[in-house]
1. What number of residues within region 141-169 satisfy the criterion of being assigned to a loop (DSSP other than H, G, I, E, B) and touching a Gly at 6+ places or on another chain (Cβ under 8 Å)?
2. Give the residue, chosen from A181, A185, that is hydrophobic (A, V, I, L, M, F, W, C), part of a helix (DSSP H, G or I), at pLDDT below 95 and farther than 22 Å from N19 by Cα.
3. Restricting to region 191-213, name every residue that is touching a Gly at 6+ places or on another chain (Cβ under 7 Å), surrounded by 19 or more Cβ atoms within 10 Å (Cβ to Cβ) and part of a helix (DSSP H, G or I).
4. What's the number of the condition A37 fails, among (1) crowded, with 17+ Cβ neighbours inside 10 Å; (2) out of contact with any His (no Cβ under 6 Å at 6 or more places or on another chain)?
5. Between L81, L27, which is modelled with pLDDT of 90 or more, in contact with a Leu (Cβ under 9 Å, 6 or more places away or on another chain) and in a helix (DSSP H, G or I)?
6. Yes or no: region 146-163 includes at least one residue that is without any contact (Cβ under 8 Å) to a residue 40 or more places away in the chain and more than 12 Å from the chain's Cα centre (by Cα).
7. Only one of A129, A138 is in a helix (DSSP H, G or I) and either of a type in the set (A, V, I, L, M) or within 22 Å of E89 (Cα to Cα) (or both); which?
Amino acid sequence: MTTTATRQTAARTARTLANPTATIAVLLLTGALSLPALLGPNLVANELGMVMSMGMTHYMELLAVHQPRNLIIFMAIPVVLAETLAITELAILFRRAATPAWVRTTSRIAGLLAGPIMLAIFLHLLVNAVVPLTLAGAWRGPADVIAVLFYLSGVIPLVGITLVELGLIGSDRTSQLKWHAMFIAIFLVVAHVAMIFGMLDPALLGYRMTHQH
């Protein structure tokens with residue numbers, strides 16, 4: 001009984017928030033980003049019309065319109081955060097205790113920001129792209145669907161990294177490092193799948209335009 005009780009206590013202790021202040025800050029940031037993402041202007045809209053964009057996926061169109069704003073918001077920021085996490089993760093894994101403090105701080109900041117930012121992007125695209133395209137039957141074939149859905153699935157690993165940083169995933173430092181590395185790997189995979197299919201001409205996978213002007 002004593003051993004069991006000790007293990008249960010240890011498990012509960014492991015899930016105590018590592019830093020309540022950071023948790024509150026992340027929750028406030030999530031709200032501050034998510035509300036404008038849901039209620040703010042539609043960043044997906046293409047005022048130039050669809051004629052020139054029908055030969056590309058919606059993923060590519062999203063990045064091509066409103067340059068450089070959309071490229072920065074939907075590509076540069078998430079990718080820079082992920083690459084920062086990947087690079088600092090390698091330094092931490094190889095150097096362990098000898099890792100410079102600024103590397104750990106950079107990794108932590110990037111990890112805390114990644115989840116709220118990607119969640120806001122996910123909500124904005126869900127409301128302004130995925131739902132309208134699905135209701136209108138306006139997807140441009142399999143490549144279009146794969147590119148957008150894989151891009152949006154990046155929210156899972158990036159939110160996961162933020163939860164690791166907050167101490168909500170991982171029972172100790174070693175397991176947290178493993179979760180951290182796994183989430184980064186997952187994001188890099190889904191992001192690159194999205195890029196590959198997003199750059200394809202939708203016609204290569206069978207899409208045909210039904211209306212041309």
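1. Just the residues of region 141-169 that are assigned to a loop (DSSP other than H, G, I, E, B), to begin with: 154, 166-169.
Narrowing further to those that are touching a Gly at 6+ places or on another chain (Cβ under 8 Å): 169.
Selection size over region 141-169: 1.
2. A185
3. Matches in region 191-213: A191, P202.
4. Only one criterion in (1) crowded, with 17+ Cβ neighbours inside 10 Å; (2) out of contact with any His (no Cβ under 6 Å at 6 or more places or on another chain) is unmet by A37, namely (2).
5. Step by step, each of L81, L27 is checked, and only L81 is modelled with pLDDT of 90 or more, in contact with a Leu (Cβ under 9 Å, 6 or more places away or on another chain) and in a helix (DSSP H, G or I).
6. no
7. Sole residue among the options that is in a helix (DSSP H, G or I) and either of a type in the set (A, V, I, L, M) or within 22 Å of E89 (Cα to Cα) (or both): A129.
Yes/no matrix, rows are residues, columns are (1) in contact with a helix residue (DSSP H, G or I) (Cβ under 8 Å, 6 or more places away or on another chain); (2) within 16 Å of G111 (Cβ to Cβ):
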residue	(1), (2)
V148	yes, no
L152	yes, no
L163	yes, yes
S171	yes, no
T174	no, no
I186	yes, yes
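The values are calculated or read from the model by the stated rules, or taken from the named source; none is laboratory data. For clarity, every value in this text was computed on a predicted model and none was experimentally measured. Positions of Cβ are backbone-derived with ideal geometry, glycine not excepted, and every protein chain shown enters the neighbour counts.
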